[in-house]
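Structure first, commentary second.
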Amino acid sequence: MPVRAIRGATQLDVDERGHLFERTRELVQAVLDANDADTSTLVSIFFTCTPDLVSDFPAAAAREMGLGDVPLMCATEIAVPGALPRVVRLMAHADLEVERSAVQHVYLHGATALRKDLAQ
């Protein structure tokens, strides 16, 4: 079965742990739903946050939703002047029986501005 990469992002309103967890869980679930996947198909997820998000790790939110056996990693996004603030991005790797062009990438809330061609 081929491994496919799925991109996604969401923007937070504020840098608060509860809000970060809510938006991260929403993003991960939207990625799974859009690709007819579940946690058993996930190989790994790599999260990044813009430098202004420091309240917690997105991976902690993913573990809380049952992804404790999925390898998760977090990093800080490059601090580009004028970039969209308060953004959590992910790249999920999953076993999916679809062509690469059929993978559904998910951009939520203000992050839709990052990829207007893919926003839901």
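All of Ser40, Ser44, Ser101 fail the test of being hydroxyl-bearing (Ser, Thr, Tyr), within 30 Å of Met1 (Cα to Cα) and in contact with a Pro (Cβ under 6 Å, 6 or more places away or on another chain), apart from Ser44.
Out of everything in the range 63-76 that is of a type in the set (A, V, I, L, M, F, W, C) and over 11 Å from Phe46 (Cα atoms), what residue ends up being surrounded by the fewest Cβ atoms within 10 Å (Cβ to Cβ)?
Met65
Applying a threshold of 6 Å to beta carbon distances and a minimum spacing of six or more residues, or different chains, the list of pairs starting in the range 5-31 at a residue that is at pLDDT below 95 and ending at one that is surrounded by fewer than 16 Cβ atoms within 10 Å (Cβ to Cβ) is empty. You will find that of Val43, Val70, the residue that is in contact with a His (Cβ under 7 Å, 6 or more places away or on another chain) and at pLDDT 95 or above is Val43 and no other. Within the range 77-87, the set of residues being over 15 Å from Arg23 (Cα atoms) and surrounded by 12 or more Cβ atoms within 10 Å (Cβ to Cβ) comprises Glu77, Ala83, Leu84. Ser55 meets each of the listed conditions (1) surrounded by fewer than 14 Cβ atoms within 10 Å (Cβ to Cβ); (2) over 10 Å from the mean Cα position of the chain (by Cα); (3) at pLDDT 95 or above apart from (1). Of the strands (runs of 3 or more DSSP E) that lie entirely inside the range 13-120, those containing 2 or more residues that are out of contact with any Lys or Arg (no Cβ under 9 Å at 6 or more places or on another chain) span 42-49, 72-76.
Considered as a group, the residues in the range 9-52 that are hydroxyl-bearing (Ser, Thr, Tyr) and farther than 24 Å from Ile78 by Cβ include one that is surrounded by the fewest Cβ atoms within 10 Å (Cβ to Cβ), and that residue is Ser40.
The values are calculated or read from the model by the stated rules, or taken from the named source; none is laboratory data. Just so it is clear, the structure is predicted and the values come from calculations on it, not from any experiment. All Cβ positions, even for glycine, are placed from backbone atoms using ideal geometry, and neighbour counts span all protein chains on display.
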